[in-house]
């Protein structure tokens, strides 16, 4: 069977969540599947080291700058030309008008839970607003026409089923994400120092990935950190990744602590291979999101031997199990209390680290790829029968 996989952003230098999931799926399919033929459809960009062709994996680069045009017109045309018998779209949306049987990975439906007007008037960047508006328009059509709808947790599977009235629909399947093998304790002092110097890391810090997406609860996390410092007098700092300095200053004004800027390190974009050394040098990893469909960074931190604070909402208890401190993300006082507990209780820290290793080991990209390959093969057999 010839299978097309949409990997539109895999050649871009700055890859994020859904990009990494698609990349790990393809890399692991290359290791386990020598029978099916694959065509990877990718937009031209600068990072051609991300994925390479193999005997049964061919790369087709498709130009067109505007994503909806790329997905709705250029992608189905290229997939038809390539002779694909199945097309897997990996990032929530897919072409509405195509005769090729579709598989879609629907990571979440957060954008369906707000009106279009609320999305456009809400917080977040214009890019995020447009993306969510586009998904809100396209996803209901894709739900109707897809042969298989893959999502990443049982929480999200139930949420999709309830929202679209398809509970019990055999097309809907939960397939867990994994954690990459390079996320493990880093013991090489030279590598730790290299990363510490490169990103100007302090000696003691909380690690927080937050971005401008409201669901990441950046404002609540900053308030909790501010209160932590006031209550403890600690010298702890907060390390955040690729966050806009102006946006950060605005949030600090909103929480009434502009001086907190002096206790925050903004690293800029961090390449994935450097992340383990940042996790390993942090005291605690903070993941108090308001809503998640999975939560790969929690598992990455656990695999690196770092205590995790996360939320008691949506998918996070399902993925974290008993290996994290669970808090109500809408109550900053609970986040602060957990930060104090996780930095002062040595027995608790040791227990969280031990449980974290065991929890992270339950999730692998190979297992994810095996499950997805089974879906492809079953659909192929059904189409041929």
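No lab work stands behind these numbers, since they all come straight from the coordinates. A quick note: this is a predicted structure, and the numbers were derived from the prediction, not measured. Neighbour counts run over all protein chains shown; Cβ positions are idealised from the backbone, glycine included.
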Under the Kirkwood approximation applied to all pairs of distinct alpha-carbon atoms, what is the hydrodynamic radius of region 268-385 in Å? 15.7
If eta is 1.567 mPa s and T is 4 °C, what Stokes-Einstein diffusion coefficient results for region 189-360, Kirkwood Rh from Cα pairs, in µm²/s? 81
Reported to two decimal places, what Rg/Rh ratio describes region 1-105 when computed on Cα atoms with Rh from the Kirkwood expression? 0.92
Ranking of 365, 70 by count of other Cβ atoms within 10 Å, fewest first: 70, 365
Using alpha carbons only, how many degrees (0 to 90, rounded to 10) separate the axis of helix 365-384 from the longest principal axis of the chain? 20
Alpha-carbon Rg with Dmax, taken over the chain, Å: 21.3, 69
Computed over the Cα atoms, what is the radius of gyration of region 319-374 divided by 2.2 N^0.38 Å, N being its residue count? 1.51
Defining a contact as two alpha carbons under 8 Å apart and six or more residues distant in sequence, what relative contact order in percent does region 189-360 show? 23
Taking Cα centroids, how far is region 276-343 from region 226-260 in Å? 18
Ranked packing of 29-36, 255-262, most packed first, by mean Cβ within 10 Å: 29-36, 255-262
In degrees from 0 to 90, rounded to the nearest 10, what is the angle of the helix 154-164 Cα long axis to the longest principal axis of the chain? 60
Contact order relative to length for the chain, counting C-alpha pairs under 8 Å separated by 6 or more residues, stands in percent at 15
When 362, 15 are arranged by how many other beta-carbons sit within 10 Å of their Cβ, fewest first, they go 362, 15
Quick check on the chain: helices-only [θ] at 222 nm, where DSSP H runs of length 4 and up contribute -39,500 (n - 2.57) each and the sum goes over total residues. Nearest 500, please. -13000 deg cm²/dmol
Averaging 1/r across every pair of distinct alpha carbons in region 70-189 and inverting yields a Kirkwood hydrodynamic radius, in angstrom, of 16.0
Measuring from the longest principal axis of the C-alpha atoms of the chain, the long axis of helix 126-145 (C-alpha) lies at a number of degrees, nearest 10, equal to 40
Proxy exposure order for 89, 383, 84 (fewest C-beta within 10 Å first) is 383, 84, 89
